[in-house]
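Colleague: Have a look at this one before I ask anything.
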Amino acid sequence: MMDKFLNDQQDPKAVEKVYNRLVDLLTTGEEIIYIATQKKPLVNILPDCVALTSKRVLFFTPANLGLSIKFIDFVWKDIVDVSIKEEIIGAVFMVKSTNQAEMGVDYLPKVQARKLYQYAQERKEEEREARRLRDLEEKRAESGSINLDHATPVQPPAAPASAPLPEPVVVAAPQAPASTPLVVHVEEKDELTEKLKKLRMLFDQGLISQDEYNAKKLELLSDL
């Protein structure tokens with residue numbers, strides 16, 4: 001498993017220490033993406049390392065003459081910027097968090113620094129898309145007050161109590177009774193209009209799709 005992190009001339013001993021420590025630090029569903037190791041120009045006995053996982057960026061620094069290793073991590077959702085700076089000898093990899101905290105490692109082999117930058121940008125893009133979907137879901141939840149499925153129907157007005165019948169009167173030529181005029185419930189018509197307006201507003205704001213809009217509109221009109 002560790003061998004796949006030695007393809008870009010990483011220091012094998014440094015990768016082994018970082019890998020063994022990472023295995024103990026990984027959370028549920030977290031995977032190691034890449035490990036880069038520092039290569040100092042003169043003495044490279046205790047190099048710093050950078051590890052990318054599916055959830056974090058971790059910076060490792062040897063301590064106690066290499067007997068232990070310290071680390072600091074940044075979760076992807078808190079990282080606002082990732083950058084590299086290539087120099088005459090090696091490159092510098094930097095991250096900046098939402099609270100303006102910065103962390104970096106210098107003297108990284110350029111091929112490793114470029115891989116770090118590439119994987120970090122891909123992971124940040126995934127995080128941006130996830131954040132966009134979360135924001136969309138929050139907007140939909142906020143619009144839940146406009147609930148077309150549970151709108152309270154307007155009850156038609158109660159029919160007036162019938163008046164007592166008058167005494168029958170015999171007439172020579174009785175006429176056919178006039179037909180009862182059709183009663184149009186203006187309230188129900190207005191309620192349907194309001195529902196259609198609210199449905200259109202949700203569609204215009206991008207809170208529902210075209211298919212959801214057409215299906216709900218058809219449902220409302222079918223009640224006529």
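Colleague: Could you list, in sequence order, the residues of segment 94-127 that are touching a helix residue (DSSP H, G or I) at 6+ places or on another chain (Cβ under 8 Å), under 16 Å from L58 (Cβ atoms) and either among the β-branched types (V, I, T) or open to solvent by 60 Å² or more (accessible area, probe 1.4 Å) (or both)?
Modeller: Result: V95, single match.
Colleague: Looking at segment 195-224, which of the residues that are under 24 Å from the mean Cα position of the chain (by Cα) and assigned to a loop (DSSP other than H, G, I, E, B) is farthest from E142 (Cα to Cα)?
Modeller: S209
Colleague: Please give the number of the condition D135 fails out of (1) surrounded by fewer than 15 Cβ atoms within 10 Å (Cβ to Cβ); (2) more than 30 Å from V43 (Cβ to Cβ); (3) in contact with a helix residue (DSSP H, G or I) (Cβ under 6 Å, 6 or more places away or on another chain).
Modeller: (3)
Colleague: How many residues are part of a loop (DSSP other than H, G, I, E, B) and surrounded by fewer than 17 Cβ atoms within 10 Å (Cβ to Cβ) when one looks only at segment 20-45?
Modeller: Of the residues in that region, 12 qualify.
Colleague: Another question, if that's okay. Could you go through segment 68-88 and let me know if any residue there is open to solvent by 60 Å² or more (accessible area, probe 1.4 Å), more than 30 Å from I208 (Cα to Cα), within 21 Å of the chain's Cα centre (by Cα) and among the basic types (K, R).
Modeller: No, segment 68-88 contains no residue that is open to solvent by 60 Å² or more (accessible area, probe 1.4 Å), more than 30 Å from I208 (Cα to Cα), within 21 Å of the chain's Cα centre (by Cα) and among the basic types (K, R).
Colleague: Turning to a different aspect of this structure: Report yes if some residue within segment 90-111 is in contact (Cβ under 8 Å) with a residue 40 or more places away in the chain and among the basic types (K, R); otherwise report no.
Modeller: no
Colleague: If you don't mind, there's one more thing I want to ask. Considering segment 1-19 alone, what residues qualify as being over 18 Å from T61 (Cβ atoms) and either open to solvent by 50 Å² or more (accessible area, probe 1.4 Å) or not in a helix (DSSP H, G or I) (or both)?
Modeller: Once the filter is applied, which keeps residues that are over 18 Å from T61 (Cβ atoms) and either open to solvent by 50 Å² or more (accessible area, probe 1.4 Å) or not in a helix (DSSP H, G or I) (or both), segment 1-19 yields M1, D3, K4, L6, N7, D8, Q9, P12.
The values are calculated or read from the model by the stated rules, or taken from the named source; none is laboratory data. Being a predicted model, the structure only gives us computed values, none of them experimental. In this analysis, Cβ positions are derived from the backbone assuming ideal geometry, glycine residues included, and neighbour counts consider all displayed protein chains. Note: areas computed on protein heavy atoms with side chains; ligands, DNA, RNA excluded. Shrake-Rupley method; radii C 1.70, N 1.55, O 1.52, S 1.80 Å.
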